[in-house]
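No lab work stands behind these numbers, since they all come straight from the coordinates. Since this is a predicted model, take the numbers as computed values, not measurements. Don't worry about glycine lacking a Cβ; one is built from the backbone with ideal geometry, like all the others, and counts go over all protein chains shown.
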Amino acid sequence: LETVDLNDTATVTDIVKNHISRFAYATSDVDEKTIFMLNKKFMIFKQANGQYVFGGKNLLTSNTAASNGILHTIK
């Protein structure tokens with residue numbers, strides 16, 4: 001993301017929409033779910049081998065409360 005031109009609002013908007021879902025999902029609610037993202041793509045959020053995986057990437061941190069949802073950090 002370091003190379004993204006922050007003045008290119010179309011690209012920045014696309015990137016942001018790729019990382020936000022319409023609803024909040026805590027890991028306690030997940031065995032395996034298909035999550036609809038704001039960019040209209042679907043991502044798989046599941047538990048595998050004792051870890052949580054989002055879009056094929058392991059979570060580094062999960063369930064961080066935010067004023068408008070839940071944050072998960074993806075590896």
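Using only side-chain charges placed at the Cβ, +1 for Lys and Arg and -1 for Asp and Glu, the dipole size of the chain relative to its Cα centre rounds to 220 debye. For the stretch 7-53, applying the loop criterion from DSSP together with a ceiling of 11 other beta carbons within 10 Å to the trypsin sites (Lys or Arg not before Pro) yields R22, K40, K41. Shape call for the stretch 32-75 from the C-alpha gyration tensor, a ≥ b ≥ c root eigenvalues: rounded (a/c under 1.5), prolate (a/b greater than b/c) or oblate? Here the stretch 32-75 falls in the oblate category.
Computed over the chain, the P(r) tail beyond 15 angstrom holds 59 percent of alpha carbon pairs. Modelled spin labels at Q51 and I20, positioned 7 Å past Cα toward Cβ, are 2.8 nm from each other.
Spatially close Lys pairs in the chain, defined by Cα atoms under 15 Å apart and a spacing of eight or more places or different chains, total 8.
Put simply, the C-alpha atoms of the stretch 14-53 give a gyration tensor, and the ellipsoid matching it has half-axes of 20, 10, 8 Å, longest first.
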